[in-house]
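Scroll down for the structure; my scribbles are underneath it.
Read-outs throughout are calculated quantities, based only on the coordinates presented, and are distinct from any laboratory measurement. These figures come from a predicted structure and were not determined experimentally. Cβ atoms come from the backbone with ideal geometry, glycine included; neighbour counts cover every protein chain shown.
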Amino acid sequence: MNPLLETWQTPYSLPPFERIEARHFAPAFETAIKQALAEIDAITGQTEPPTFVNTIEALEKQGAQLDRVNAVFQNLTSSHTSDALQAIERDINPRLAAYSSSIDLNAKLFARVEALHNQRATLSLNPEQLRLVERYHRRFSLAGAKLAEPQKKRLAAINEELASLTTKFSQNVLNDTKQFVLKLDTAEDRVGLPEGMREVTLQRSSIEPFLMLSPRRDLREKAFRAWSLRGDNDNEYDNKALIRQILTLRIEKAKLLGYTNFAGYFLDDNMAKTPDAAMALMMKVWKPAIETARREADLLAEAMRKDGITGPLEPWDWRYYSEKVRLAQFDLNEEQIKPFFTLERMIEAAFHCATRLFGIQFTERKDLPRYEPDVRAWEVKNSSGKTIGIFYGDYFAKPNKNSGAWMSAFREQQLFGGEVLPVVINNLNFNKPAAGQPCLLSFDDAKTLFHEFGHGLHGLLSKVYYPFFSGTSVARDFVELPSQLFEYWCSEKSILSRFARHHQTNEPIPEALIARIEKAKNFNQGFAMVEFLSSGIIDMKWHLLNDVSAIDVREQEQSWLKELGMPREIIMRHRSPHFTHIFTNDYAAGYYSYLWAQVLDADAWEAFQQAGNPFDPATAKRLHDNIYSAGGSKDPMELYRAFRGREPDPQALMRKLGFTR
């Protein structure tokens, strides 16, 4: 028996991880794809005219087994991969793209959807059903359902090739990241570093603390250069040629679908609507960010000269001297903060905030299936004691795990056909401590944990009828609102006083230290915003192009940055050859969305400030009902207006960033 195809006899029908092996996936995909296609044939082969039930609801049921198999597979290939899984991934992702195209471009199926769309006003549908018809029609239209057959055939081939290329891009980044390890063999190598740090890898959670703390400028440069050149080393894992291939296919796809460029295609179904609107927001923030970063650079250069270094400030110097200046200006550095921020306490803090806001409770369940011993699982209940979902946490960096932090799901919530409980997972990449030692976090680490937990809550609190709208199935530039908003509670004084406790003495964080953290909250904000915005702007520029055949990826990236006036002391947060957000995941022409959502989250947080209580019950209820539980069941701006009573105030972002004077 193949465990992936069985009815899972586990608590809450969770995947039986201990029984699942790599060899099970290929036959499971084979069976599940055949079944899913047969279900499409059953819909299109009907002699009855299309109805909401026999077409739209039938589509909502279709492919359930394949979704289940694929959810397990995609989570394991990102969190716990292996050579065997990577080989399957290279084979199956193009096949899954071909399967999707066979549905999206199915003329008979689209004819049924379009017939219902044309008569939707006469079908007596409730608002969620009406939106479902409209969204299916929109999905099929954007996917090419209206194209002539030759164009459909070409589009399907493009989708399949893109799936293959983006899979290779992702695997290259992972493999190139694993190539570099900086051994800290001598006491001199380890000066200024936490006890136990014996090597540096290119995982962000490893290299950033090293760049921040090591006085060894030569070692900082060596590690930084390796970090910045992931995917750009002219070796077997180099991604520059892949970028050209991916962009060429995306350009062709956009033009087939009637758009001038890929950015126009992507933005058409998001809140920003046009590349011009997204770029205008980024450029509005770019100017004050650059000005702030230049002032910051002057301060760091001055600190560097005090150390006797007369040359220019370099990118590998920024984090080290930023820590020095922060200590001088605010009597604050990460080594003062970290002892009070343990992973365990920050998990408790995030849960506590969710309980205060939304009335939910978390109970750890060590008996639930897990794919790796370090993974943790919690049962989530509402205020009535009813189980509403399962939450997994995979918190530590591993060589076989993608870098970064993300939320995903093994199963999404729905009420259609009976209640289905969500199974949500947060992945982070903290350094695993030695046995018996606590995992100490930086303040940024703690905010990242809250950020991903905000995404997790978006999945766990979802209360929609149809799976199409479940949880995070919303516009790309809206999906970051629940996550970025939840970060604010990490900085709340009452939360810090209760949960930020010294890992040795259990003493609460001193109020004076909280005050210094608050005072320094916008310190280095220019650097952070320039680092982020440069990535968002370059993403948009790549996807506004119409031809990349003659482009040198490295030279073009540098040319654009020069035009922008990018400070030489800062590099993009994600250089193009390892920018998996846009060349692997769903953020192509969409990295701006983090900034777009910052407008929303800054304005949303002001609602709690105006209420005079970060846990104000009435504001929290509106937040729950209209943001965290509503999924994609309504237009995102309609949902935001229902929460806030008006559209967001763009100036809230500038106030948050400290860019107003």
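What does the extension gain come out to for Leu5 and Lys273, with contour length at 0.36 nm per residue minus their alpha carbon separation?
Stretched fully, the Leu5-Lys273 segment lengthens by 92.4 nm.
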Cβ crowding within 10 Å averaged over residues, with 484-492, 189-197, 139-147 ranked highest first: 484-492, 139-147, 189-197
With Cα atoms, 0 to 90° folded angle of helix 217-228 axis to the chain main axis: 10
Estimated FRET transfer efficiency (Asp307, Glu348; beta-carbon r; R0 30 Å; 0.05): 0.15
Per-selection metrics, the chain (Cα): Rg and Dmax in Å: 24.9, 84
The range 339-472: antiparallel DSSP beta bridges as a percent of all, rounded to 5: 75
For the range 79-141 and the range 562-604, distance of Cα centres in Å: 28
For the chain, calculated [θ]222 nm from helices alone, where every DSSP H run of n ≥ 4 adds -39500 (n - 2.57): -17000 deg cm²/dmol
Taking Glu199, Glu314 and counting other C-beta atoms within 10 Å, the order from fewest to most: Glu199, Glu314
Inter-part distance where the range 449-487 and the range 641-657 are each reduced to a Cα centre, Å: 19
Environment charge at Ser559 (Cβ cut-off 13 Å; Lys +1, Arg +1, Asp -1, Glu -1): -1
Residues Arg68, Arg154 arranged by fewest to most Cβ contacts within 10 Å: Arg154, Arg68
Cβ-based exposure ranking for Thr248, Thr77, Thr122, in which fewest neighbours within 10 Å come first: Thr122, Thr248, Thr77
Length added when fully stretched, Gln504-Glu291, from 0.36 nm per residue minus Cα-Cα: 72.5 nm
Anchor Lys168: aspartates and glutamates whose Cα lies under 18 Å away (excluding residues fewer than 8 positions away in-chain): Asp83, Glu89, Asp91, Glu160, Asp176, Asp232, Asp234, Glu236, Asp238, Asp586
Entries in Lys493/Lys519; Lys284/Lys519; Lys381/Lys401 that, when Cα-Cα distance is taken, lie over 23 Å: Lys284/Lys519; Lys381/Lys401
Extension gain, Ala42 back to Ala22 (0.36 nm per residue minus Cα-Cα distance, nm): 4.1 nm
Computed E for Trp406/Lys108 - FRET, C-beta separation, R0 25 angstrom, nearest 0.05: 0.10
Cα gyration tensor, the range 477-599 - rounded (a/c under 1.5), prolate or oblate: prolate
Counted charge near Arg498, where neighbours are those whose Cβ lies closer than 12 Å (Asp, Glu -1; Lys, Arg +1): +2
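Let me have the relative contact order for the range 376-446, percent, based on Cα pairs under 8 Å that are six or more residues apart.
Averaging sequence separation for qualifying contacts and normalising by length gives 29 percent for the range 376-446.
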